[in-house]
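Here is the structure we will look at, set down as C-alpha cells.
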Amino acid sequence: MPTRTIITTSPEETEAIAGELAHNRLPELICLYGDLGAGKTTFVRGLVKALKVKARVQSPTFTYVRIYKGRPTIYHFDLYRTPINDPLIGEQLTEIIDRKDGLIVCEWPERLEQYLPKKNRIDIFFTHGSEDNRTISISTI
Ligand code: ADP
Ligand code: MG
C-alpha cells in the first residue's frame, strides 16, 4: 500500500495538501482518520476550495452529513457523534454511497466502517504534533 507522509505547520498548508490531491483523479470516498483538532475538517475545507465548490465548510454538528452542491457535489460526513447502533443511519449512509453522484469525505469513518466501500477510496491519517505541526499520511487502497 503506497503511502505519502507530509508534515504541515499551518492550517493553510493542510488546505494546500488537500488542493494538490484535488488535482488528481479522485476516488468515490476519502476517509479522514485522527483525533479532534488534528486537521480533518481543515483538509475538507481545502478540498472544497480546490474543487471550486462554494460552501462554508464546518463540522456537521447537529447532523452527520453536510452536502455541498457543485461539480462534484461533496458529501461531508462526520460520524463522531452519530449513534452507530441506529440501523437507519447505516441505511441512509448506504443510500448516499449508492447514488454515486459525488465525492464522499468522511471524518471518523471507523465508527461505521462496515457500511463504507473498500475500493475506490483513499485513507488519510492525521496526527497532532507539537503546536501547529500535523502529520498527514495519505494512502491508497
Ligand atoms: P478536526 O476536524 O480533525 O477535529 P479541525 O480541522 O476542525 O480538526 O481543527 C484543526 C485545528 O487546528 C484548527 O483550529 C486549525 O486552525 C488548527 N491547526 C493548526 N495547525 C494546523 C495544521 N498544520 N493543519 C491543520 N489545522 C491546524
Ligand atoms: Mg472535524
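The values are calculated or read from the model by the stated rules, or taken from the named source; none is laboratory data. All of these numbers come straight from a predicted model, not from anything done at the bench. Note: ideal-geometry Cβ built from the backbone for every residue, glycine included; neighbour counts use all protein chains shown. Calculation scope for accessible area: heavy atoms of the full protein, side chains included, ligands and nucleic acids excluded. Shrake-Rupley method; radii C 1.70, N 1.55, O 1.52, S 1.80 Å.
Observations on the structure shown:
- Any hit, the stretch 117-134, residues being free of Cβ contacts under 8 Å to residues at least 40 places away in the same chain, more than 11 Å from ligand 1 (Cβ to nearest atom) and small (Gly, Ala, Ser): no
- Residue in the stretch 41-51 that is open to solvent by less than 70 Å² (accessible area, probe 1.4 Å), farther than 14 Å from Trp108 by Cβ, of a type in the set (Gly, Ala, Ser) and more than 13 Å from ligand 1 (Cβ to nearest atom) present: yes
- Conditions (1) farther than 15 Å from His128 by Cβ; (2) open to solvent by 80 Å² or more (accessible area, probe 1.4 Å); number of the one not met by Ile7: (1)
- The C-beta contact set for the stretch 52-63 (first residue more than 18 Å from Gly39 (Cβ to Cβ), second residue within 14 Å of ligand 2 (Cβ to nearest atom), distance under 6 angstrom, 6+ apart or interchain) comprises Ala55/Val48.
- Taking each residue of the stretch 33-48 that is part of a loop (DSSP other than H, G, I, E, B) and modelled with pLDDT of 95 or more and looking for partners that are among the polar types (S, T, N, Q) and more than 8 Å from ligand 2 (Cβ to nearest atom) with beta-carbon atoms closer than 7 Å, six or more apart or interchain, yields Gly34/Thr127; Ala38/Thr127; Gly39/Thr14.
- Screening the candidates Ile17, Ile30 for the property of being open to solvent by less than 20 Å² (accessible area, probe 1.4 Å), β-branched (Val, Ile, Thr), farther than 21 Å from Lys100 by Cα and within 16 Å of the chain's Cα centre (by Cα) yields one hit, Ile17.
- The number of residues in the stretch 123-141 that are under 12 Å from Thr5 (Cβ atoms) and within 16 Å of ligand 2 (Cβ to nearest atom) comes to 6.
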